[in-house]
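Shown next, in structure tokens, is the structure this report addresses.
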Amino acid sequence: MEKHITTGNNHRTRCTMKSMLKKLSTLTTEIYVREHGVRTSTDFSRKRSFSLEEFIQFMLTLRKSTVATSLRRFSVKSKKPLLLITSQAFSQLRCKIKSTYFYRVMLLLSSHFYGHQYKTLCGYRLIAIDGSKIALPNTKGLRIHYGTTGAGNGATTGQASFALDLLNNVIVDAGLHRLQDDERSQALGHLAVIALQPQLKSLVLYDRGYASLKLFTTHTKTNIACLFRMKSKFNSVMDELPLGDHLITIGVKTPIIVRILKFELENGTIEMLATTLFDVALTLDFFKKLYSMRWGVETFIDVLKNKLELYNFSGRTIDALEQDFYTTLIQSLLLYVWVNDVNSNIRQKKDALYQRKVNIKHAIGVLSDSFINLFLTQNTSPIITKMTELIVRVTIPIMPNRHNERWDFSRDTKYPQNSKSVV
């Protein structure tokens, strides 16, 4: 599979954190935020201790601690008397900022990344679409809006959906939805965003449960390649096919030709994949390895939820949740662009048993410590250099085909040994 992964030749330079920060600075200016971020023209019109630009910077660097603690940290770093801003005042001010502004910033940063070198597989961006349930603050308003799960339906829960570039760990699109929203509808929303950049060839991977005639039709119409893991009883013709590589037609009003790959796993389970890639040079073994790469989105979601603490919200309103959701994803964009750049420059020892890479958890801690300074300093190069020196000292080996037994985490502890906070 490695031989199929290449770097785009249309762009000369690799995207760096410095480049992303420079782009981000243009999206946080007062003029830009007034045009795309504030709810009304009169918001932030009074002169305050927080300028509009500083307020946006603070929201982007908001740590997963109390608002008062985050305000104190920002005050020390910026050398401004921001402690005069109370938590209540912050809550009132954030109501004046649209959550869609942060979504827009996330999309524009993602688009900026693709103006540089990026990895592709057979010329395609390899995108996985997947969702995950997110525990939310248990308030009446949020219960009504998002829905509930658990015993007695007592736990407020939302459904997050992500479209992730697996080879570059870059978010292409994301959203926080209600539990009742169908995951296929969420996937169609991601496809609409992917289709806005037709010059970037994309191949989308889906787990079981996503396959639908409407999704197959949308992929065909938008010329976006796809690979689905299929469930039994989706189509009787598919179920009756023997093991091997087949072409079949599905749909009545709009017939669609799909390629079915059916094979047996080591444990005897029959697995079935469906794709709109018909190149005979791409064999059954290729697609088996290709689908296994979808696991990268599970790892990414784990980083978001358990290391960047996506579910650790600073507010209890729908807007506050969405603001925190997208600012965390913006942080992930900066993080992985930096980590990808450092990984590509790590000098591998010739006699080493394994190649090495950045410890992502350590990198999150280093970034968290320096995040505010990156926003408040014109020349970020010395800061980034120092950050990089810190993370290259703590690298970890890349161990292929590693299989570890799962630990028993059944004991409910407040501070589990396998998950210490780094933010």
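The values are calculated or read from the model by the stated rules, or taken from the named source; none is laboratory data. Nothing here was measured: the structure is a model prediction, and the numbers come from that model. As a convention, Cβ positions derive from the backbone with ideal geometry for all residues, glycine included, and neighbour counts pool all protein chains shown. These area figures cover heavy atoms from the full protein model, side chains too; ligands, DNA and RNA do not enter into them. Shrake-Rupley method; radii C 1.70, N 1.55, O 1.52, S 1.80 Å.
Points to keep in mind about this one:
- Under 20 Å from a label point set 7 Å out along the Cα-to-Cβ vector of F263, the amide N atoms of segment 279-302 belong to 279-297.
- For segment 71-164, applying the loop criterion from DSSP together with a ceiling of 13 other beta carbons within 10 Å to the trypsin sites (Lys or Arg not before Pro) yields K79.
- Separation of segment 324-378 from segment 109-129 is 18 Å, based on Cα centroids.
- Solvent-accessible area per residue for the chain (1.4 angstrom probe, square angstrom): 53 Å²
- Percentage relative contact order, the chain, counting C-alpha pairs under 8 Å, at least six apart: 17 percent
- Sites matching chymotrypsin sites (Phe, Trp or Tyr not before Pro) across segment 278-340 that sit in DSSP coil, with at most 11 neighbouring C-beta atoms within 10 Å: F278
- Using the Cβ-Cβ distance between A155 and N373 with R0 set to 41 Å, the FRET efficiency works out to roughly 0.60.
- Efficiency of FRET between K231 and K79 - r from beta-carbon atoms, R0 41 angstrom, step 0.05: 0.10
- Extension gain, T6 back to T222 (0.36 nm per residue minus Cα-Cα distance, nm): 75.4 nm
- Percent carbon-and-sulfur accessible area, segment 46-123, ignoring ligands, DNA and RNA, probe 1.4 Å: 53 percent
- Relative to the current alpha-carbon distance between S344 and T299, full extension at 0.36 nm per residue lengthens the span by 14.2 nm.
- Solvent-accessible ranking of T66, T395, largest area first, probe 1.4 Å: T66, T395
- FRET efficiency for R14 and L179, using Cβ-Cβ distance with R0 set to 51 Å, rounded to 0.05: 0.80
- Protein accessible area in segment 136-235, 1.4 Å probe - carbon and sulfur %: 49 percent
- Against the chain, whose longest principal axis is taken from its Cα atoms, helix 213-222 shows a tilt of about 80°.
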